[in-house]
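Reading through the structure tokens given below for one structure.
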Amino acid sequence: MSYKIIDKVELAPNTVMMQVHAPLATRKMQPGQFIIVRVTPNGERIPLSISGWDMNKGTVRIIVQAVGRTSAELINLRVGDSLTDVVGPLGQPSHLDKYGTCVLIGGGYGTGAIIPIAKDLKARGNKVIGIIGARTKELVLMENELRTICDKVEVSTNDGSQGVKGLVTDVLTEILKQEPVHMVTAIGPVPMMKAVSEMTRPLNIKTYVSLNAIMVDGTGMCGSCRVEVGGTTKFACIDGPDFDGHQVNFGELVNRQKMYIPYEKKAMELHLCKEKNL
């Protein structure tokens with residue numbers, strides 16, 4: 001099967017949105033699930049969150065930021081190019097119900113993943129508030145689309161170039177002062193998800209985080225994506241990626257991710273050298 005890139009849009013520096021033809025993946029796709037792709041026959045497999053899909057067209061929409069060698073290779077592909085593999089849907093769907101007021105927080109390219117969740121929660125009759133966090137205004141993603149779904153959307157940037165100057169937790173603090181919140185979902189950098197979970201824990205607000213741990217096969221065989229949740233070992237690929245944020249051992253998760261940083265850095269350096277010599 002040909003997993004052809006149907007559309008590609010640059011959202012921010014080193015960040016693109018792609019529509020990929022993968023009809024088998026769309027048949028049973030649900031909010032919160034993900035796919036694993038391979039760019040080249042000898043390349044590594046990387047997990048990618050889904051920001052939307054079209055069952056009639058057989059396409060999935062992904063947002064990719066170049067943070068390593070494979071993601072850099074992926075964003076350099078053009079419309080008409082094909083991926084070697086697209087496997088999915090993988091993982092468990094998000095925990096969606098009629099909660100009341102829901103706050104969905106997206107950090108960086110994690111913002112794309114909250115869009116299908118927001119649509120589903122809104123269809124169930126919830127009030128949905130979106131928070132987008134970024135370092136600067138050029139990195140604020142998917143704001144316009146999120147505003148068409150949510151009852152309200154707030155933006156925070158570290159440098160104050162758009163919205164509130166500060167972190168998503170600063171915005172969440174103000175929202176919690178204004179009205180009762182019944183559910184929070186946070187998707188993005190681990191420090192952000194940890195901070196959100198620590199804020200909501202004493203308030204006993206149901207909080208979910210999406211753990212994009214290191215993955216290889218996506219079926220629980222390799223064990224590379226294991227995380228500690230509630231004192232028990234879980235596999236992000238089959239038990240998640242969504243987990244109760246109040247039960248996640250974020251310290252252990254951060255330590256495991258740090259193990260791979262030197263290898264990722266070396267692979268990226270080799271990729272940049274290869275591009276320079278082309």
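Any read-out appearing in this document is the output of simple, stated calculations on the displayed coordinates, not a laboratory observation. Since this is a predicted model, take the numbers as computed values, not measurements. Neighbour counts are summed over all protein chains in view; Cβ atoms, including those assigned to glycine, are modelled from backbone coordinates with ideal geometry.
Some points to look at:
- Each Cα pair under 8 Å and six or more residues apart adds its separation to the average, and for the chain the resulting relative contact order is 16 percent.
- For T207, the residues whose amide H sits under 5 Å from its own are V184, G245, H246, ignoring neighbours fewer than 5 places away on the same chain, with H placed 1.01 Å from N.
- A Förster distance of 35 Å, applied to the separation of the beta-carbon atoms of N249 and S2, puts the FRET efficiency at 0.25.
- Between 0 and 90 degrees, the angle of helix 168-178 with respect to the longest Cα principal axis of the chain falls at about 30 degrees.
- The mean sequence distance of close C-alpha pairs (under 8 Å, at least 6 residues apart), as a share of the length of the stretch 1-86, puts its relative contact order at 38 percent.
- The helix-based estimate of mean residue ellipticity at 222 nm for the chain, built from -39,500 (n - 2.57) per DSSP H run of four or more residues and divided by its residue count, is -8000 deg cm²/dmol to the nearest 500.
- Ratio of Rg to Rh for the stretch 110-231: 0.98 [Cα atoms; Kirkwood radius as inverse mean 1/r over pairs].
- Förster-model FRET efficiency, 30 Å R0, V164 and R45, C-beta, rounded to 0.05: 0.20
- Positive minus negative residues near G80 (Lys, Arg vs Asp, Glu; Cβ under 10 Å): +2
- Counted by Cβ distance under 9 Å from V164, the other residues give a net charge of -2, where Lys and Arg count +1 and Asp and Glu count -1.
- Across the stretch 101-258, the relative contact order, built from alpha-carbon pairs under 8 Å that are at least six residues apart, equals 18 percent.
- Counting only Cβ charges, +1 for Lys and Arg and -1 for Asp and Glu, the dipole size of the stretch 100-165 around its Cα centre is about 180 debye.
- Residue-span extension gain [N14 to R27] - 0.36 nm each, minus C-alpha spacing: 1.7 nm
- Distance violations [Cα-Cα > 29 Å] among K57/K234; K127/K234; K8/K177; K57/K119; K4/K194: K57/K234; K127/K234; K8/K177; K4/K194
- Within the chain, percent of DSSP bridges classed antiparallel, to nearest 5: 60
- For the stretch 3-90, a Kirkwood hydrodynamic radius built from all Cα pairs, placed in the Stokes-Einstein relation at 10 °C and 1.306 mPa s, yields a translational diffusion coefficient of 125 µm²/s.
- The chain: proportion of alpha-carbon pairs further apart than 34 angstrom, %: 15
- Under 15 Å, Cβ to Cβ, from R147 - net charge with Lys/Arg +1 and Asp/Glu -1: 0
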